[in-house]
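S.K.: Sharing a structure with you now.
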Amino acid sequence: MSDFAFDTVIHGGTIVTATDTYKADIGIRDGRIAAVAESLAGGTKRIDATGRLVMPGGIEGHAHIAQESSTKIMTADDYYTGSVSAAFGGNSSFIPFAAQHRGQSLDDVVAIYDERAAPNSVIDYSYHLIVSDPSPEVLEEQLPRAFARGITSFKVFMTYDLLNLGDGGMLDVLTVAKTHGALTMVHAENNDMVKWMNKRLAAKGLTAPKYHAISRPELAEEEAINRAVTLAKLVDAPLFVVHVSTEAGAAIIRRETQAGVKLFAETCPQYLALTREDLDRPGMEGAKFMCSPPVRDAQTQEALWRHIQAGTFMSVSSDHAPYRYDETGKLFNGADVPYPKIANGMPGIAMRLPWLFSEGVVKGRISANQFVALTSTNAAKVFGMARKGSIAPGFDADIAIWDPNETRVVSLDDQHDNMDYTPFEGLTVTGWPRTVLNRGELVVEERELVATRGRGRFVARDTVDLTGRPGYRAPELDPARNFGADIAP
Ligand code: URP
Ligand code: ZN
Ligand code: ZN
């Protein structure tokens, strides 16, 4: 092979993968990594990465993009602004949600999101479905069709009246997912506890945004995670618990993972960076910090960091849910409404990686290799993106080149999204991605957008990788126990 057979060579940098850190050059050809070697000559384009870290591009596994909430509020970011913001934040692919509203067919949902994503995304994308209406057609025909198309994961809710599936609905979807090798993701909060809290708070006129954090108790998450895991165990199905916000919830994940359950979980920067005091601002300002489950306290942050260090969480995701602080978003139902009428969620797709690098790697809480695992490699494995998430010959050339020493105070300008605020405003962050490639093409070059709208491609994903997770057999559903009832999925 001639030295000049590479389209691009990244040279002089320090490569960081989930396992190794070493100095080497990367040769890219036809969108893939073709060589990694001490020194590579040639390349139609040569990128000097001296003094930089060269890492797999982030894979954002939890984002709400061009998505209507169940109460019909549209996110501020579409697939263009959302993907641009993701890329500036060091991501080379993302997996937003494609949400089913009750009565809708999943075929229609996928078609709608294809129209939203394909002409617009500047990075590769896939979807997790949101299933809110598990009718027999959805369970028997539409979900399997979506899985066959490579949409191998979906989220369900245990809270919100318009989304909550109930325990029976959960068992149905878990069973279908297990049968097809797909992954059920769950938003775990006890709906009745939250509604009861809402009623008590409303009766006393306590409806300012800060009461949102009170209305969704830690116990509501703990109870629902425990129940979700128990339901998954009954049918021995894989489960992914999203946006874990409590120490007790994380402890359940850790215990049950150790017991072999097919369990995965994530937490998000907001649960590590913010507290319920951030909701206690004059007027409605606290609405900017409202998400569900809510942010908690400093003690919880420390506990969640310990769980990150110990490997409880598969990933740290943004849960980017961009609702502007105006009548299109947070104030959709009015400028002075009780907190239950304010959209939940906050933006953060551009800050996930810089914030985690700064607070995690720079402050010595996690290694750079753990950082890569938490932000890219593990998501590639669990969500079935076999060609992404690492730097080695054969992988897609999805690469983020970081200046680990650059220090900046976070501002809205850094976000490149369609939002009018960032909850991370004013924080000092060290370590920023400067250049991002996706399949060998430059998306962001030295903090300038160079990608064309719509260049990102849909990624058909594999089934969930359950290596190292033996699972659980409920005795009553274990054919080996011979109870005479052959009903195990
Ligand atoms: O409050 C949040 N996190 N909103 C986004 C939707 C969800 O539940 O993830
Ligand atoms: Zn959720
Ligand atoms: Zn979310």
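Each reported figure results from applying straightforward, stated rules to the coordinates on display, with no laboratory input. Note that the coordinates shown come from a computational prediction; the quantities given were computed from them, not determined experimentally. Positions of Cβ are backbone-derived with ideal geometry, glycine not excepted, and every protein chain shown enters the neighbour counts.
S.K.: Looking at segment 1-62, what % of its DSSP beta bridges pair antiparallel, to the nearest 5?
M.R.: 65 percent
S.K.: Here is a further query. Angle, helix 298-310 long axis vs. longest principal axis of the chain, Cα atoms, 0 to 90°, nearest 10?
M.R.: It works out to around 60 degrees.
S.K.: Sticking with this structure for a sec: So which trypsin sites (Lys or Arg not before Pro) in segment 264-371 are both in a DSSP loop and have at most 14 other Cβ atoms within 10 Å of their Cβ?
M.R.: Answer by residue number: 363.
S.K.: Taking the dipole about the Cα centre of the chain, with the C-beta of Lys and Arg at +1 and of Asp and Glu at -1, give me whichever of 61, 220, 385 is farthest to the positive side.
M.R.: The one lying farthest along the dipole's positive direction is 220.
S.K.: Based on Cα positions only, what radius of gyration and what Dmax would you give for the chain, in angstroms?
M.R.: Just the Cα atoms of the chain yield Rg and Dmax of 22.0, 76 Å.
S.K.: Can you list the lysines whose alpha carbon is less than 26 Å from that of residue 341, not counting same-chain residues fewer than 8 positions off?
M.R.: Hits, sequence-local ones excluded: 72, 155, 195, 199, 204, 210, 288, 330.
S.K.: Next question. Scan around residue 155 for amide H atoms under 5 Å from its own, H built in the peptide plane at 1.01 Å from N, and keep only partners 5 or more places away or cross-chain.
M.R.: Close amide H contacts, sequence-distant or interchain: 129, 130, 131, 185.
S.K.: Now for a separate question. Calculate the length of the line joining the C-alpha centroid of segment 282-316 to that of segment 416-489, in whole Å.
M.R.: 19 Å
S.K.: On a C-alpha basis, how far is the centre of segment 81-129 from the centre of segment 17-46 in Å? Whole number, if you could?
M.R.: For segment 81-129 versus segment 17-46, the Cα centre distance is 30 Å.
S.K.: Loop-only check: which trypsin sites (Lys or Arg not before Pro) in segment 201-271 are DSSP coil with at most 14 other Cβ within 10 angstrom?
M.R.: In loop regions of segment 201-271 (DSSP not H, G, I, E or B), the sparsely surrounded trypsin sites (Lys or Arg not before Pro) are 204.
S.K.: Give the percent of DSSP beta bridges with both residues in the chain that are antiparallel, rounded to the nearest 5.
M.R.: 45 percent
S.K.: Can you list the HN-Hα couplings for segment 35-48, worked out from phi with the Karplus curve (6.51, -1.76, 1.60; θ = phi - 60°), rounded to whole Hz and with x for Gly and Pro?
M.R.: Couplings: 7, 10, 8, 3, 8, 10, 8, x, x, 4, 10, 10, 10, 7 Hz.
S.K.: Follow-up question, since we're still on this one. By the gyration tensor of its Cα atoms, with a ≥ b ≥ c the square roots of the eigenvalues, what is the shape of segment 78-222: rounded for a/c under 1.5, prolate for a/b over b/c, or oblate?
M.R.: Oblate shape, in that a/c is at least 1.5 and b/c is the bigger or equal ratio.
S.K.: Which far-off residues, 5 or more places away or on another chain, put their amide H under 5 Å from the one on residue 243, with H placed in the peptide plane?
M.R.: 266
S.K.: Quick one: which residues, 5 or more positions from residue 291 or on another chain, have an amide H under 5 Å from its amide H? H modelled 1.01 Å from N in the peptide plane, none for Pro or chain starts.
M.R.: 345
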